[in-house]
Structure formats: C-alpha cells, structure tokens
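The values are calculated or read from the model by the stated rules, or taken from the named source; none is laboratory data. These numbers come from a predicted model, not from an experiment. When we count neighbours, we look across all protein chains shown, and the Cβ atoms used for this are built from the backbone with ideal geometry, even at glycine. Heads up: the accessible areas ignore ligands, DNA and RNA and are worked out on the full protein's heavy atoms, side chains in. Shrake-Rupley method; radii C 1.70, N 1.55, O 1.52, S 1.80 Å.
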Amino acid sequence: MKKLVLGLMCFMIPACFASPDLEKYLENDLELKKLALEVKKAELSSEETSIDTGINVQISTGTITLAGGADDFNVTLKPSVTATVPVRSNLKFAVSSSVAVESGEDNSSNTKFSLSADIISGASLSRRLKLMNAERMLLTARRNLQNRALEAEKEFYTELKALFTAANAIVKAQQTLYDDTIDFEDIKAKGYAVTSSKYRLAELKVLSDSHDVETKIRELEHDCAVFASKCSDEYKTGTKAEDFLPKTIQYVEPVDILAFEKNQYASIEKAVWTYEYNSLERKSVKNVTLSANAGYTLKNSSTASSASRSDMSDTVDAGATAGLYGLSLGAGVSFPVENPGNPVYSLSASVDPAEFRKARITTEKNGYSEEQDLIAIQSAEEDYDTSVVDQQQSLSDIIWSRQTNAETYEMYVRLEKDMAEYLKAGIITESEYLNAFANREQYRLQLLINDIDLIIYNNTTKLLFCRDEEIL
C-alpha cells in the first residue's frame, strides 16, 4: 500500500526540469521558413512592378543591312528611341529615323520627333491597379508570415494542453486504482476465498486499473518525447513525463475583441479592398478613348512628289486617335515647313460590330459583379458580429472556469494540508488523505490548462484581425 501511495505522489509532484521551449519550436517550424522566403520574393516582385510601371526608355537600332563592295558600299538601318512616362497620362516621347548611306551619300529620311499623350484612357488606372496588386501581394505575404508565428504558437500550446489533459487523466486513473485496491484489501480482510467470484472480480478490477494507468503513462511519455523533438529537446529513454511538463504557465492578460477596429477584421478588410480594386478595374476599361500627338519630321517622304528624295521637306506633324466601343478613328496632318499651304493629311478607320453588342453585356456583368462585392462586405460584417459574440463568450467561460478552479484548488490545498496532519495523527485513513491530495493535483493541472486556454484565446482573437502596425 505504501508503494502505491508513494508512486501516486511521485507522479503528481513536479520535479525540476527544462520546460518545452517555444522559441525552439518556432525555429523548427518549416512553414515559417517557407513564408519568410515568400516575403522576400514578394518584395522583389513589388520592385519589379515599380520598374515596369515607371519611366521606361527603349533604344533600338532596327535591322541593319550591309551590302555592296569597296567602291559601292550601302548601309541601311532604322534606329529609334522611345521614352514613356505612364504616370503622366501615358506621355510618350519618340525619335525614329530611316538611315541610308548609299555609295558614300547620306540619303536618310523620315527622322521624326514626336510627343503623344492620352486625353481619355484607362492607362493611368491600369498602372495604379498593377501597383496596388503588387503592394497587396507583399502585404499579404507579410501578414501570412506574421499570422503563422501566432498559429505556430497556438499549435505549441494546443499540444502542451493535450499533454496536461493526459496527465490529469492519469491522476484520475490512479485514484480509481487506489480506491479499487482499498476495496480489494477489504475483501481479503473479510476472508473471502481466492476462488470466490467476489474476490476474483475485485482482483481483476485492480489488475485492469493498473494496466490502464500504465498504458496512459506510456502514451503520455510517448507524446512528450514527440513534443520534445519538435522543441529540439532531448527526451531520453526512461524520462518521466512529470520531469518534462512545465510546473507553471505564464499568465497573460486577455485581449478584448472590441479593442480592435471593426474595419481591421480580416474578412472585412479583404472584402473592402477587393471591392475597391475591382471598381478601379471596371473603370479602367474605357468605352471612349482619345489621344493626341505632335512632332517634327526631317525629310518627310510623304511630301515628295516622286521617287526622288531631293524634294522631301521637313514637316510639323499633329494627330489624334479616338475610340468608341468598336469604332476606331485616326487623323493626322503634316505641314511642310517650306510650303505650309500644302499639308499632307492621313486618315484611318476601323469598326468591330461585335464590340458594340458586347459593350452592353459587359456593363450588365460589371453591375452584377459590383453587387457581389457589396454582398461580400455585408457577409464579412455579419461574420464579425458572430465572432464578437463567440470570442466574448469564450473569454467569459475561460475566466469563470479559472476563477472556480482557483477557488476549489485553494480549498483542496488547505484540505490536503489538514488531512496530512490528520493522517499523521491516525485520525483518518490513507484513502481519505489521498483523495484530497489527488483532487488538489487535478485542480492544479486544470489551472495550468486554463492558463493555456487563455493564451490560445488571445492568439485566436488576434488572428481574426489585420495587425499591420506590428509589421511596421
């Protein structure tokens, strides 16, 4: 009997140990490492998008043709330089020329300097959408990394809670074993025969209880060893679970879900951003477009009266292009510098009847898409209301459970202390003392579980919201 009492108390009383290390647990989390790399990639993609949507300069020689012999060597090429400034109404400056050197004579023509810009177009909105998308991808990558840290911490404490719950189950199983052992000793003291059914049933019950306790202890030690490996701790063969499990859990102040801004609720923030992005995307598709250009051309071949290049004139150029659904129109005029009274006109037109019919369909689809985006916002707001009630009730339950368990634990601490004195004085039986001792231990473990529940609650609540200020 004394061995049983000693074994029960040894399991219940924590020894000195090294607690599972949360920091090492996080260091071993491969998902965290993966998401950290995703942030790096998103940063590079954002930088790449900034380059693509910024000032762009392109230089080209065109196709270079070399022909002829030493006395009749010909070179032709069409070099060009184009500079684009998307942020300034898609402003574009271009220089191009047709360079020809024939038998040592420069026959270059159509050296053109031009400047064009959009008056009505969706180019600026398209650029803004690209930047928004790149910024969003980077922010999302950072948020995923930030949230994974909380999720990994939550997983750490969830596993630790399972170990404490298993330890509590062992204490209860040992209580049952002890009580059944007392009953069995009483049966033997009453003189029941070994072959009697009452004796054999009582004996089998003790054996079954003992096996149940040993099974639970082995399962807990197995789970502790697995958990220790995740924390980079060594769990040697023969190590007892009570030497591994922490004696205390740091108490954390509960967070109030109402302390977070409603518009930072993750689902609401995402739905609102999606609505704004999609609205800009719908606006970027213009049914009416208009752009204008102006420039100066040296030796404009269009002013020549024949195949001869001798009468080509420099020109001042201007033009415009317009689009309306499937209709596209272009017009231009070039004024010869030497003879401005004889301008050269250019016209172009194209029509796509299918675009007229599709325009109405697109407008209706856009209307439905906008309604869907607004419904998504409304749905997210309803989820927020539900989460507030859910988290508030969860916190209330945790606080209530912790308070009642703390009160009961203090009661059993005092009772166990008194019972120890009564047992020493021979006033009570060992069974009565051990029941008080075991109850005290159960509530001690339950208080640790309550502290873990509070940490898990805090992490769960924080994960519901965007916490960009922590990233910054």
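Summary of computed values
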{"read-out": "Tabulated pairs, region 197-219, first assigned by the TED database to the domain that holds Leu163 and of a type in the set (Phe, Trp, Tyr), second open to solvent by less than 100 Å² (accessible area, probe 1.4 Å) and outside any helix (DSSP H, G or I), C-beta under 7 angstrom, 6+ apart or interchain", "value": "Tyr199/Tyr192; Tyr199/Ala193"}
{"read-out": "In region 429-472, residue farthest from Gln393 (Cα to Cα) [restricted to those that are aliphatic (A, V, I, L, M) and more than 34 Å from the chain's Cα centre (by Cα)]", "value": "Leu434"}
{"read-out": "Filtered residues of region 232-260 (kept if over 28 Å from Ala406 (Cβ atoms), open to solvent by 60 Å² or more (accessible area, probe 1.4 Å) and of a type outside the set (Lys, Arg))", "value": "Ser232, Glu234, Thr237, Gly238"}
{"read-out": "Candidates Glu221, Glu155, Glu151, Glu203, filtered to the one that is in contact with a Lys or Arg (Cβ under 8 Å, 6 or more places away or on another chain) and surrounded by 15 or more Cβ atoms within 10 Å (Cβ to Cβ)", "value": "Glu221"}
{"read-out": "Counted residues, region 99-113 - those being out of contact with any helix residue (DSSP H, G or I) (no Cβ under 8 Å at 6 or more places or on another chain), of a type in the set (Ser, Thr, Tyr) and open to solvent by less than 60 Å² (accessible area, probe 1.4 Å)", "value": "2"}
{"read-out": "Identity of the residue in region 262-308, among the acidic types (Asp, Glu) and touching a residue at least 60 places away in the same chain (Cβ under 8 Å), that ends up nearest to Tyr345 (Cα to Cα)", "value": "Glu281"}
{"read-out": "Residue among Ser229, Ser197 that alone is open to solvent by 60 Å² or more (accessible area, probe 1.4 Å) and within 50 Å of the chain's Cα centre (by Cα)", "value": "Ser229"}
{"read-out": "Filter pass, Tyr325 being touching a residue at least 24 places away in the same chain (Cβ under 8 Å), closer than 30 Å to Ser116 by Cα and hydroxyl-bearing (Ser, Thr, Tyr)", "value": "yes"}
{"read-out": "Of all residues making up region 419-434, the number that are surrounded by 14 or more Cβ atoms within 10 Å (Cβ to Cβ) and of a type in the set (Gly, Ala, Ser)", "value": "2"}
{"read-out": "Single residue of region 158-194 satisfying the filter (assigned to a helix (DSSP H, G or I) and of a type in the set (Ser, Thr, Tyr)) that is least open to solvent (accessible area, probe 1.4 Å)", "value": "Tyr178"}
{"read-out": "Residue match in region 324-332 (condition: open to solvent by 70 Å² or more (accessible area, probe 1.4 Å), hydroxyl-bearing (Ser, Thr, Tyr) and over 30 Å from Ala166 (Cβ atoms))", "value": "yes"}
{"read-out": "Any hit, region 261-275, residues being loosely packed, with under 13 Cβ neighbours inside 10 Å and modelled with pLDDT of 90 or more", "value": "yes"}
{"read-out": "Selected residue (only one of Thr248, Thr289 is in a loop (DSSP other than H, G, I, E, B) and either at pLDDT below 95 or within 30 Å of Met132 (Cα to Cα) (or both))", "value": "Thr248"}
{"read-out": "Candidates Glu234, Glu281, Glu219, Glu269 - the one that is part of a helix (DSSP H, G or I) and either under 26 Å from Asp180 (Cβ atoms) or over 28 Å from the mean Cα position of the chain (by Cα) (or both)", "value": "Glu219"}
{"read-out": "Filter result for Ala349 (among the hydrophobic types (A, V, I, L, M, F, W, C), without any contact (Cβ under 8 Å) to a residue 24 or more places away in the chain, open to solvent by 60 Å² or more (accessible area, probe 1.4 Å) and touching a strand residue (DSSP E or B) at 6+ places or on another chain (Cβ under 7 Å))", "value": "yes"}
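Yes/no matrix, rows are residues, columns are (1) touching a helix residue (DSSP H, G or I) at 6+ places or on another chain (Cβ under 7 Å); (2) among the β-branched types (Val, Ile, Thr); (3) within 25 Å of Thr274 (Cβ to Cβ); (4) assigned by the TED database to the domain that holds Tyr157:
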| residue | (1), (2), (3), (4) |
| --- | --- |
| Gln378 | no, no, yes, no |
| Thr386 | no, yes, yes, no |
| Val389 | no, yes, no, no |
| Leu415 | yes, no, no, no |
| Ala420 | yes, no, no, no |
| Glu432 | yes, no, no, no |
| Gln446 | yes, no, no, no |
| Ile449 | yes, yes, no, no |
| Asn458 | no, no, no, no |
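Here's the yes/no breakdown for (1) among the polar types (S, T, N, Q); (2) in contact with a Phe, Trp or Tyr (Cβ under 8 Å, 6 or more places away or on another chain); (3) not assigned by the TED database to the domain that holds Asn439:
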position: Arg142; (1), (2), (3): no, no, yes
position: Gln146; (1), (2), (3): yes, no, yes
position: Ala152; (1), (2), (3): no, yes, yes
position: Phe156; (1), (2), (3): no, yes, yes
position: Glu159; (1), (2), (3): no, yes, yes
position: Leu163; (1), (2), (3): no, yes, yes
position: Ile170; (1), (2), (3): no, yes, yes
position: Gln175; (1), (2), (3): yes, no, yes
position: Asp186; (1), (2), (3): no, no, yes
